[in-house]
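K.L.:
Input: one structure, supplied below.
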């Protein structure tokens, strides 16, 4: 439903009508109640809550892309990233949060992809908030059951001989896919390489391509 | 440091996931229960989420493993290469040694 209007201020474009929000859901009401209690009891301030939300929203896949581009350029960093993800990320001055980062590397024989079947665990410190499809029941249930069909729907057709490794993020680990560096990018700098590394390539539903 | 339990399995150990139906905040997905896999690595020891979820300490911390399952072990009608796998994080109390060929 759109509201097509043309007002004197030249504001002329169709958009969904701006309406009153509906009643709070059970968990929305609980969130408000807990937040208000924490503030009333002096445990947190409203500004601290706001700042934390702002901080969460400020994380973007650009952080992960920098990690990947550095690994492509620096073999020692790559080795450390694969053996101790948190330590490697710290070296770049990036946060990794309270979880242990496991980085899984795509090769000519192996393709890795990440899912959280139980909820929506995601490497938020490196990629920001997960996309809606990552949280959908259909992605979460189908990625472990028929990964090749799901990848095909994302436009990624893998050779039959490629091993598909699905990583179900069920507990205290968080995963990042280290994609394979595209061919014919020799001599490229970090920024140029990082521009090829999108969110989806680090979740494993796409592979980076030279543009 | 918090108390922890020494790990029972090493990388490469053949294990079987207990076929249990526990209520509550369980981090072992139903689709791997009763199935055989191989320990890919020991991730360290972590407070037990089944206890943490109910405001208990979750201690002693329990060993957490990444267990690799062959897709064909999980889904008999799996369509894909027989080398395809799923890795799942599983706490030690959900695992038992598997004497079979895994």
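K.L.:
Which residue fluctuates the most in chain B, going by a Gaussian network model with Cα springs under 10 Å, if the choices are B:47, B:22, B:61?
P.N.:
Checking each option, the largest mean-square fluctuation is seen for B:22.
K.L.:
Need one value for A:113-119: mean number of C-beta atoms belonging to other chains within 10 Å of its residues' C-beta atoms. Before the final figure, lay out the partial values.
P.N.:
On the way: counts 0, 0, 1, 1, 6, 7, 1.
Across the residues of A:113-119, the mean count of other-chain Cβ atoms within 10 Å is 2.
K.L.:
First check a/c for region A:59-203, with a ≥ b ≥ c the square roots of the eigenvalues of its C-alpha gyration tensor; if it is under 1.5, answer rounded, and if not, answer prolate when a/b is larger than b/c or oblate otherwise.
P.N.:
Working: a/c = 1.74, a/b = 1.22, b/c = 1.42.
Taking the square roots of the gyration eigenvalues as a ≥ b ≥ c, region A:59-203 is oblate.
K.L.:
Here's another thing I want to ask about it. Calculated from DSSP H runs of 4 or more alone, at -39500 (n - 2.57) each and per residue, what is the 222 nm mean residue ellipticity of chain B, nearest 500?
P.N.:
On the way: 2 runs with 8 residues, N = 102.
Result for chain B: -1000 deg cm²/dmol, rounded to the nearest 500.
K.L.:
With viscosity set to 1.306 mPa s and temperature to 10 °C, compute the Stokes-Einstein D of the protein assembly as shown, Rh being the Kirkwood radius across alpha carbon pairs; µm²/s, no decimals. Write down the numbers at each step before the final one.
P.N.:
Details: Rh = 21.9 Å.
Translational diffusion coefficient: 72 µm²/s.
K.L.:
P(r) of region A:35-88 in 10 Å steps, Cα pairs, percent per bin?
P.N.:
22, 28, 19, 20, 11, 0
K.L.:
Determine the shielding of peptide B:73-84 by partner chains: average, over its residues, the number of Cβ atoms on other chains within 10 angstrom of each Cβ. Provide the component values of the computation, followed by the final result.
P.N.:
Details: counts 0, 2, 3, 0, 2, 4, 5, 9, 8, 1, 7, 8.
Mean shielding count: 4.
K.L.:
Let me have the relative contact order for chain A, percent, based on Cα pairs under 8 Å that are six or more residues apart.
P.N.:
Reported as a whole number, the value is 22 percent.
K.L.:
What's the exposure ranking of B:91, A:154, going from fewest to most Cβ atoms within 10 Å? Let's see the in-between values first.
P.N.:
On the way: B:91 23, A:154 15.
In increasing order of surrounding Cβ atoms, one gets A:154, B:91.
K.L.:
By how many degrees, between 0 and 90 and to the nearest 10, does the Cα long axis of helix A:61-73 differ from the longest principal axis of chain A?
P.N.:
Here the helix axis deviates by roughly 10 degrees.
K.L.:
So what's the angle, to the nearest 10 degrees on a 0 to 90 scale, between helix A:26-40 and the longest Cα principal axis of chain A?
P.N.:
80 degrees
K.L.:
For region B:1-71 and region A:122-175, what is the centre-to-centre distance using only Cα atoms, to the nearest Å?
P.N.:
That distance is 21 Å.
K.L.:
Mind checking the mean number of beta-carbon atoms from other chains within 10 Å of the Cβ atoms in B:32-41?
P.N.:
Numbers: counts 4, 0, 0, 0, 0, 0, 0, 0, 3, 2.
Averaged over the peptide's residues, the number is 1.
K.L.:
I need A:167, A:96, A:111 ordered by Cβ neighbour count within 10 Å, fewest first. Could you put the intermediate results ahead of the total?
P.N.:
Working: A:167 28, A:96 18, A:111 25.
The fewest-first ordering by Cβ neighbours comes to A:96, A:111, A:167.
K.L.:
Using the count of nearby Cβ atoms within 10 Å as a rough guide to exposure, how do A:104, A:19 rank from fewest to most?
P.N.:
On the way: A:104 19, A:19 8.
Going from least to most buried by this count: A:19, A:104.
K.L.:
Specify the angular offset, from 0 to 90 degrees and rounded to the nearest 10, of the alpha carbon long axis of helix A:46-58 from the longest principal axis of the alpha carbons in chain A.
P.N.:
With both axes taken from Cα atoms, the answer is about 40 degrees.
K.L.:
Just to be sure I understand the curve: with the Debye formula and one point per C-alpha of chain B, what is log10 I(q)/I(0) at q = 0.17, 0.19, 0.23 Å⁻¹?
P.N.:
-0.77, -0.93, -1.24
K.L.:
Shifting gears a bit: Provide the percentage of antiparallel DSSP beta bridges, counting only those with both residues in chain A; round to the nearest 5.
P.N.:
Values: 4 of 16 bridges.
Among the beta bridges of chain A, antiparallel pairing accounts for roughly 25 percent.
No value in this document is a laboratory result; all are computed from the given coordinates. None of the values given here were measured: they were computed from a predicted structure. We place every Cβ from the backbone using ideal geometry, glycine too, and count neighbours over all the protein chains shown.
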